[in-house]
Amino acid sequence: VVCYNRHVFELRLPQLQLGVRLTDQLCELCALRKLNLHSNNFNGSIPDVLSQCTLLRSVYFLYNSFTGNLPAYVFNLTNLLILNVAHNYLSGKIAAVIQLFLWSIDLSSNDFSSEIQSNFSTDSQLQLINFVYNHFSSEVPTSIGYFQYLQYLWLDLNQLYENLPSTIANCSSLIHLSV
(Lines give C-alpha, C1' and ligand atoms only; values in the text may rest on other atoms or scores of the structure.)
Protein backbone atom coordinates (compact mmCIF):
# COMPACT_ATOMS: atom_id res chain seq x y z
CA VAL A 1 0.00 0.00 0.00
CA VAL A 2 1.39 3.38 -1.03
CA CYS A 3 -0.02 6.46 0.68
CA TYR A 4 0.54 10.16 0.22
CA ASN A 5 -1.03 12.98 2.18
CA ARG A 6 -3.37 10.60 4.04
CA HIS A 7 -4.68 9.05 0.82
CA VAL A 8 -4.06 5.61 -0.65
CA PHE A 9 -2.46 6.07 -4.08
CA GLU A 10 -1.53 2.47 -4.81
CA LEU A 11 -3.05 -0.76 -3.63
CA ARG A 12 -0.83 -3.69 -4.56
CA LEU A 13 -1.98 -7.02 -3.17
CA PRO A 14 -0.88 -9.53 -5.80
CA GLN A 15 -0.71 -13.30 -5.43
CA LEU A 16 -2.39 -13.58 -2.04
CA GLN A 17 -5.12 -16.00 -3.20
CA LEU A 18 -7.73 -14.09 -1.20
CA GLY A 19 -10.57 -15.88 -3.00
CA VAL A 20 -13.42 -13.49 -2.17
CA ARG A 21 -15.45 -10.84 -3.93
CA LEU A 22 -14.16 -7.30 -4.18
CA THR A 23 -15.69 -5.05 -1.57
CA ASP A 24 -17.71 -1.91 -2.26
CA GLN A 25 -15.45 -0.11 0.18
CA LEU A 26 -12.90 0.31 -2.61
CA CYS A 27 -14.80 3.46 -3.57
CA GLU A 28 -13.58 5.04 -0.35
CA LEU A 29 -10.09 5.09 -1.87
CA CYS A 30 -10.91 8.20 -3.88
CA ALA A 31 -7.25 9.04 -4.63
CA LEU A 32 -6.39 5.56 -5.88
CA ARG A 33 -4.13 5.60 -8.95
CA LYS A 34 -2.93 1.99 -9.21
CA LEU A 35 -4.93 -1.10 -8.34
CA ASN A 36 -3.02 -4.38 -8.60
CA LEU A 37 -5.01 -7.37 -7.38
CA HIS A 38 -3.74 -10.04 -9.75
CA SER A 39 -3.67 -13.73 -8.84
CA ASN A 40 -6.08 -13.56 -5.92
CA ASN A 41 -8.89 -15.83 -7.12
CA PHE A 42 -11.44 -13.00 -6.79
CA ASN A 43 -14.81 -14.09 -8.14
CA GLY A 44 -18.11 -12.56 -9.17
CA SER A 45 -18.42 -9.50 -11.34
CA ILE A 46 -16.14 -6.50 -11.36
CA PRO A 47 -17.98 -4.13 -9.01
CA ASP A 48 -19.61 -0.96 -10.32
CA VAL A 49 -18.24 0.90 -7.34
CA LEU A 50 -14.88 1.18 -9.14
CA SER A 51 -16.50 3.75 -11.42
CA GLN A 52 -16.05 6.17 -8.52
CA CYS A 53 -12.27 5.72 -8.59
CA THR A 54 -11.90 8.33 -11.30
CA LEU A 55 -8.16 8.86 -10.78
CA LEU A 56 -7.25 5.25 -11.58
CA ARG A 57 -4.33 5.02 -14.02
CA SER A 58 -3.77 1.26 -14.00
CA VAL A 59 -5.89 -1.76 -13.15
CA TYR A 60 -4.39 -5.25 -12.93
CA PHE A 61 -7.09 -7.88 -12.36
CA LEU A 62 -5.37 -10.70 -14.26
CA TYR A 63 -5.43 -14.30 -13.04
CA ASN A 64 -8.61 -14.11 -11.01
CA SER A 65 -12.05 -15.66 -11.50
CA PHE A 66 -14.12 -12.62 -12.43
CA THR A 67 -17.29 -13.38 -14.40
CA GLY A 68 -19.87 -11.36 -16.31
CA ASN A 69 -19.35 -8.43 -18.62
CA LEU A 70 -16.53 -5.94 -18.53
CA PRO A 71 -18.37 -2.89 -17.15
CA ALA A 72 -18.79 -0.10 -19.70
CA TYR A 73 -17.73 2.51 -17.13
CA VAL A 74 -14.16 1.20 -17.38
CA PHE A 75 -13.84 3.01 -20.69
CA ASN A 76 -15.08 6.25 -19.13
CA LEU A 77 -12.26 6.41 -16.58
CA THR A 78 -10.40 9.21 -18.35
CA ASN A 79 -7.16 8.73 -16.42
CA LEU A 80 -6.95 5.00 -17.09
CA LEU A 81 -3.84 4.09 -19.09
CA ILE A 82 -3.47 0.35 -18.45
CA LEU A 83 -6.25 -2.22 -18.20
CA ASN A 84 -5.30 -5.86 -17.69
CA VAL A 85 -8.13 -8.32 -17.01
CA ALA A 86 -6.45 -11.33 -18.66
CA HIS A 87 -7.13 -14.89 -17.50
CA ASN A 88 -10.60 -14.49 -16.01
CA TYR A 89 -14.06 -15.65 -17.10
CA LEU A 90 -15.33 -12.33 -18.43
CA SER A 91 -17.76 -12.52 -21.33
CA GLY A 92 -20.03 -10.54 -23.62
CA LYS A 93 -19.23 -7.61 -25.85
CA ILE A 94 -16.78 -4.79 -25.48
CA ALA A 95 -19.56 -2.28 -25.92
CA ALA A 96 -17.87 1.04 -25.40
CA VAL A 97 -15.51 3.21 -27.36
CA ILE A 98 -11.94 2.38 -26.45
CA GLN A 99 -10.76 5.81 -25.50
CA LEU A 100 -7.77 7.68 -26.80
CA PHE A 101 -5.97 7.81 -23.47
CA LEU A 102 -5.51 4.05 -22.98
CA TRP A 103 -1.98 2.81 -23.59
CA SER A 104 -2.51 -0.89 -22.99
CA ILE A 105 -5.54 -3.18 -22.98
CA ASP A 106 -5.20 -6.90 -22.24
CA LEU A 107 -8.41 -8.93 -22.41
CA SER A 108 -6.69 -12.21 -23.25
CA SER A 109 -7.88 -15.62 -22.04
CA ASN A 110 -11.49 -14.74 -21.27
CA ASP A 111 -14.82 -15.60 -22.91
CA PHE A 112 -15.47 -12.40 -24.86
CA SER A 113 -17.53 -13.01 -27.97
CA SER A 114 -19.19 -11.29 -30.91
CA GLU A 115 -17.32 -8.70 -32.91
CA ILE A 116 -14.23 -6.72 -32.16
CA GLN A 117 -15.83 -3.31 -32.06
CA SER A 118 -14.81 -0.84 -34.72
CA ASN A 119 -15.47 2.15 -32.50
CA PHE A 120 -11.90 2.83 -31.47
CA SER A 121 -11.00 6.46 -30.99
CA THR A 122 -9.21 7.90 -34.01
CA ASP A 123 -6.64 9.66 -31.80
CA SER A 124 -5.77 6.54 -29.84
CA GLN A 125 -2.59 6.31 -27.80
CA LEU A 126 -2.82 2.50 -27.67
CA GLN A 127 0.52 0.74 -27.73
CA LEU A 128 -0.62 -2.77 -26.80
CA ILE A 129 -3.78 -4.73 -27.64
CA ASN A 130 -4.01 -8.34 -26.47
CA PHE A 131 -7.30 -10.08 -27.30
CA VAL A 132 -5.80 -13.60 -27.60
CA TYR A 133 -7.84 -16.66 -26.69
CA ASN A 134 -11.38 -15.36 -26.68
CA HIS A 135 -14.34 -16.00 -28.97
CA PHE A 136 -14.32 -12.87 -31.10
CA SER A 137 -15.86 -13.67 -34.47
CA SER A 138 -15.50 -10.80 -36.85
CA GLU A 139 -13.05 -9.21 -39.16
CA VAL A 140 -10.33 -6.97 -37.81
CA PRO A 141 -11.81 -3.45 -38.02
CA THR A 142 -10.28 -1.01 -40.47
CA SER A 143 -10.09 1.54 -37.65
CA ILE A 144 -7.05 -0.40 -36.38
CA GLY A 145 -5.11 1.74 -38.85
CA TYR A 146 -5.65 4.79 -36.64
CA PHE A 147 -3.22 3.45 -34.06
CA GLN A 148 -0.01 5.19 -34.98
CA TYR A 149 1.57 4.24 -31.62
CA LEU A 150 0.51 0.59 -31.65
CA GLN A 151 3.51 -1.67 -31.04
CA TYR A 152 1.95 -5.02 -30.06
CA LEU A 153 -1.20 -6.54 -31.52
CA TRP A 154 -2.26 -10.05 -30.49
CA LEU A 155 -5.54 -11.34 -31.92
CA ASP A 156 -4.84 -15.03 -32.45
CA LEU A 157 -6.87 -17.94 -31.05
CA ASN A 158 -10.22 -16.31 -31.84
CA GLN A 159 -12.66 -17.00 -34.66
CA LEU A 160 -11.64 -14.02 -36.76
CA TYR A 161 -12.18 -14.13 -40.49
CA GLU A 162 -11.08 -12.21 -43.52
CA ASN A 163 -7.63 -10.84 -44.09
CA LEU A 164 -6.13 -7.99 -42.16
CA PRO A 165 -7.37 -4.63 -43.42
CA SER A 166 -4.95 -2.68 -45.57
CA THR A 167 -5.07 0.10 -42.98
CA ILE A 168 -2.77 -2.02 -40.78
CA ALA A 169 0.04 -0.53 -42.88
CA ASN A 170 -0.63 2.80 -41.13
CA CYS A 171 0.53 1.29 -37.82
CA SER A 172 4.08 2.51 -38.32
CA SER A 173 5.20 1.65 -34.77
CA LEU A 174 4.08 -1.99 -34.96
CA ILE A 175 6.75 -4.38 -33.61
CA HIS A 176 4.76 -7.59 -33.09
CA LEU A 177 1.65 -8.81 -34.91
CA SER A 178 -0.01 -12.14 -34.15
CA VAL A 179 -3.31 -13.01 -35.81
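Descriptive notes on the structure:
- Failed condition for Leu80, given (1) in a loop (DSSP other than H, G, I, E, B); (2) over 27 Å from Asp156 (Cβ atoms): (2)
- Here Ser173 clears all of (1) part of a loop (DSSP other than H, G, I, E, B); (2) within 30 Å of Gln52 (Cβ to Cβ); (3) in contact with a Leu (Cβ under 8 Å, 6 or more places away or on another chain) except the condition numbered (2).
- For segment 93-112, the set of residues classified as among the small types (Gly, Ala, Ser), closer than 22 Å to Gly44 by Cα and modelled with pLDDT of 90 or more consists of Ser108, Ser109, listed by residue number.
- Restricting attention to segment 152-170, the residues being closer than 27 Å to Leu62 by Cα and either within 16 Å of the chain's Cα centre (by Cα) or among the β-branched types (Val, Ile, Thr) (or both) number 4.
- Meets criteria (surrounded by fewer than 17 Cβ atoms within 10 Å (Cβ to Cβ), out of contact with any Asp or Glu (no Cβ under 6 Å at 6 or more places or on another chain), closer than 25 Å to Val140 by Cα and polar (S, T, N, Q)) for Asn76: yes
- Considering residues of segment 26-62 that are in a helix (DSSP H, G or I) and in contact (Cβ under 8 Å) with a residue 24 or more places away in the chain only, the residue surrounded by the fewest Cβ atoms within 10 Å (Cβ to Cβ): Asp48
- Every condition in (1) more than 25 Å from Tyr89 (Cβ to Cβ); (2) modelled with pLDDT of 85 or more holds for Tyr133 except the one numbered (1).
- Every residue from segment 63-73 that is buried (at least 17 other Cβ atoms within 10 Å of the Cβ) and among the polar types (S, T, N, Q): Asn64
- Checklist (1) among the aliphatic types (A, V, I, L, M); (2) modelled with pLDDT under 90; (3) under 12 Å from the mean Cα position of the chain (by Cα) applied to Ile82, failing item: (2)
- Condition met for Val8 (modelled with pLDDT under 85 and either part of a loop (DSSP other than H, G, I, E, B) or in contact with a Cys (Cβ under 8 Å, 6 or more places away or on another chain) (or both)): no
The values are calculated or read from the model by the stated rules, or taken from the named source; none is laboratory data. All of these numbers come straight from a predicted model, not from anything done at the bench. Note that we place each Cβ from the backbone using ideal geometry, even for glycine, and neighbour counts take in every protein chain shown.
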